[in-house]
1. Restricting attention to region 250-259, which residues are more than 14 Å from residue 333 (Cα to Cα) and not aliphatic (A, V, I, L, M)?
2. Could you figure out which of (1) in contact with a helix residue (DSSP H, G or I) (Cβ under 9 Å, 6 or more places away or on another chain); (2) not assigned by TED's automatic domain parsing to the domain that holds residue 330 isn't true of residue 426?
3. Contact list please: Cβ distance under 6 Å, first residue in region 92-108 and part of a loop (DSSP other than H, G, I, E, B), second residue among the β-branched types (Val, Ile, Thr), pairs at least six apart or on different chains.
4. Could you check residue 213 against (1) in contact with a His (Cβ under 8 Å, 6 or more places away or on another chain); (2) closer than 22 Å to residue 448 by Cα; (3) outside any helix (DSSP H, G or I) and say which number it fails?
5. Using the structure shown, decide if residue 399 is free of Cβ contacts under 8 Å to residues at least 40 places away in the same chain, part of a helix (DSSP H, G or I) and either surrounded by 16 or more Cβ atoms within 10 Å (Cβ to Cβ) or touching a helix residue (DSSP H, G or I) at 6+ places or on another chain (Cβ under 9 Å) (or both).
6. Could you say which residue among 500, 520 is of a type in the set (D, E, K, R), loosely packed, with under 14 Cβ neighbours inside 10 Å and under 28 Å from the mean Cα position of the chain (by Cα)?
7. Looking only at residues that are within 20 Å of residue 503 (Cβ to Cβ) and surrounded by fewer than 23 Cβ atoms within 10 Å (Cβ to Cβ) in region 257-281, which one is nearest to the chain's Cα centre (by Cα)?
Amino acid sequence: MTILAGVFSCNPSVHIPDSVCDSLKRNISRDPTDHPIEFRDAQAFFVKVDIGAFDRPAHRVSPTGSIAILAGEPLLICEGPAGPDRDAHLTYLQTKWDDGDFQSLRSASGTFCAAYYDPCMGIAHLVADRLGLRPIYYTVVGDYVYFASALRILEALSEIPKKLDVLAVAEITGFGYPFGGSTPYAGIKMLLPCEVVTIHQGEFKSQRYFQWDSIAPVQATAEEALKETHRLFQSAVRRRLRGDRTTFAYLSGGLDSRCTVAALRAENSRVYTFNFSLANTQDQAFALAYANKSGAIHHELPTEPGPNWSAVMADAWRASPRRQEQMPEHPNVVWTGEGGSVGLGYVYVSPEIVSLLRSGDLDGAIDVYLRQQNKIILTRILDPELAKQFYGHLHARLRSELEAIRHPDPVRAFYIFLNLNGPRRHLVNHFDSIDKHRLEFQVPFYDSEFLEYLTAIAVDPCLYHQFYVKWLTLFDSAVSEVPWQAYPGHVPSPIPIPEDLPDQWNALASGAHQAALDRDLLKQSAVMLSDTNFPRRVLRKRYLKLMRLAWRLRLGNYGYALKAALAYYHYLGISSGRYELPVTRSANQGQTGL
C-alpha cells in the first residue's frame, strides 16, 4: 500500500466512534478516485490507500486474527520469506510480530513503515524502517492513539487538537528540521529509525531493533572495500528492480543519479531519464552527455528552482510521448540517487570539522558545522523574552544528539548523525504528497545493507569523495568519461569543465521567476501582519513590518526573515492559534498561548 492511517483505543471499555473512522477515511487521500480499504473492530480502525506501484497491496489478517498493514517495501535479505514480493515479506514479519519478535527487521534493507494490531492480546505496534525514511506519525488524545504515514492526515483531523511546538518550529527554521522525533506540533511524534512503538493496556513502550553505532568495524583493504561496496550497491538495485526490463529515473549532472542509472543499465534495463535543471548549466549539460554515452532515453525539461520535484517528475513522465515505446513494468516507480553524497561522499564533513573532532574539540566542530551550513535560529524576529530561550540552542541540541551516538570515532558518530536525520526529513514532502503525484521512490543509496557496510569500513579513505571517485572505476566506463559537478572542497572531476557553465550552487533563477516569488512573499507577509490574531508572544510584529518595508524600498533583502516568520504563522494557523513555549514544556505545564 501507499498511505496508511488509523486509531487504537487504549481503554477496552472505550470504543472507537463512527465519526472518528469517517474522518480518517475522508482525509487519507485527496484523490477522489481512491477507494480506501478498512479494517475495524471496537478497539481499532485501520484505513489504507494503494496506488498499485508495487503490484500487491500488502495488508494481511492472519489465521490468529492479527492485522498488519505495510507502506513501502521491507526488502528482507534473510531466508525466511517464501517469495520476493512484499506480501511474502509482510507474512513473514507478521508471524514474528505475533510472537513479539522484532529482530527479523534487522534484515530489512528497504523503505517502509507498518502498523500491527492483535485484538486477542489488545496490543498494537507501529514500526519504522532502519533509516526512518518512510514516515509514520502518532499522537495520543484521551483514550485514543492516532497514527498516519502522512502528517497532513493528522493535521486535517478535527478530533486531534493541534498546538504549535514553538521550539520545534524554531529548529525547522534554523536547522532545516526538528531534532529527534519532534514535529511542528506538541504531542505529535515521528518514529525514529529502527523504532517500534508498542501500545498495550494504555501503556507505551519504545524499543530499537537495531543500533547503527553498534556496527563492528570491517577490516578490508582498499580494493576489497571498493569491490564489496560496488557489489552491495548493484545488489540493492537488483533487489528493487526484480527483473524489470524498463524503468525511469532522475538524472542530474552529479554522481549519485548517474551511478543509479549506471547500475540499472548494468542490469540491461531500458531507462528513461529526466533532467529538470536550469538551462545552460553543468547540471543539464553533464546529464545529457552521460545519458548519450550510457544509452539512456533522455528528457530535458528546464525548471525554475523550488517546486515539488516529485510532482514535476509525475507531470513530465505522464506527458512523455516516448514512454509508450516500451512501458515500464512499474510505471509509478521512479529511481533517484538520493543519499549518495551523504552516505558515500561524506558531504558536510569538512576537513576543519574532522580536525576538530579528532582533537577532541566537539564544541568547536559543532560551531564550524553550524557556520558552514548557515544554520541559525533568527531570534531577532521573535519576542525578546522568547528569543532568550534559543541562544545557543542549536549547538546544545546537536551536541546532545552526537553524545547519544556511542561510537569511539567522533567522525563516524557525526557521519551516523547525518545519515539518520537529514535523509528521513528530506523525503517527508514526497511522502506527504504521494496521494497527488502518485510516485514511489526507489533509493538504492539508502539500502540498509549497503549503508551498514559503509558505516563499518575505515572513515578517512572515504572523506571528501575520495572513496567515491575510486568507486566509479568499477562501473561502465561511461560513468567516468563525462565530467560531473563536484562539491566544493571535495575531489574534483578529472575531466575539464567548460568555464561558461555554472554549477548548481551558482546557477541563478530567472529574474521573472524570482520577482514572482518576491511578490508572493510580500503578499503572504502582508496577510500575516494584518491578522488581528497575530501571535505577538511569538513574533515581533513591529520589527517584521520594518523589515518588510525596507525590502519593498530595496533597502535590504529581508525575504529570509519573512519566510521564517511565515513558518510559525503557517503552523499557528493549523493549530488555531494555540502554541506551546519552550519554558512551558520544560516546566512540564500545559499552558496554552492564545
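The values are calculated or read from the model by the stated rules, or taken from the named source; none is laboratory data. Bear in mind that the values here come from a model prediction, so they are computed numbers and not experimental data. For neighbour counting, all protein chains shown are included, and Cβ atoms are generated from backbone atoms with ideal geometry for every residue, glycine included.
1. Let us first name the residues in region 250-259 that are more than 14 Å from residue 333 (Cα to Cα), namely 251-259.
Within region 250-259, 252, 253, 254, 256, 257, 258, 259 qualify.
2. Result: residue 426 passes all but (1).
3. Going by the 6 Å Cβ cut-off, the qualifying pairs are 102/196.
4. Just one mismatch for residue 213, condition (3).
5. Details: free of Cβ contacts under 8 Å to residues at least 40 places away in the same chain: yes; part of a helix (DSSP H, G or I): yes; either surrounded by 16 or more Cβ atoms within 10 Å (Cβ to Cβ) or touching a helix residue (DSSP H, G or I) at 6+ places or on another chain (Cβ under 9 Å) (or both): yes.
In short, yes.
6. Working: 500 fails: under 28 Å from the mean Cα position of the chain (by Cα).
Going through 500, 520 in turn, just one is of a type in the set (D, E, K, R), loosely packed, with under 14 Cβ neighbours inside 10 Å and under 28 Å from the mean Cα position of the chain (by Cα): 520.
7. For region 257-281, the residue satisfying everything is 276.
This table checks each residue for (1) touching a helix residue (DSSP H, G or I) at 6+ places or on another chain (Cβ under 8 Å); (2) more than 30 Å from residue 499 (Cβ to Cβ).
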position: 283; (1), (2): no, no
position: 288; (1), (2): no, no
position: 295; (1), (2): yes, no
position: 298; (1), (2): yes, no
position: 306; (1), (2): yes, no
position: 319; (1), (2): no, yes
position: 325; (1), (2): no, yes
position: 335; (1), (2): yes, yes
position: 341; (1), (2): yes, no
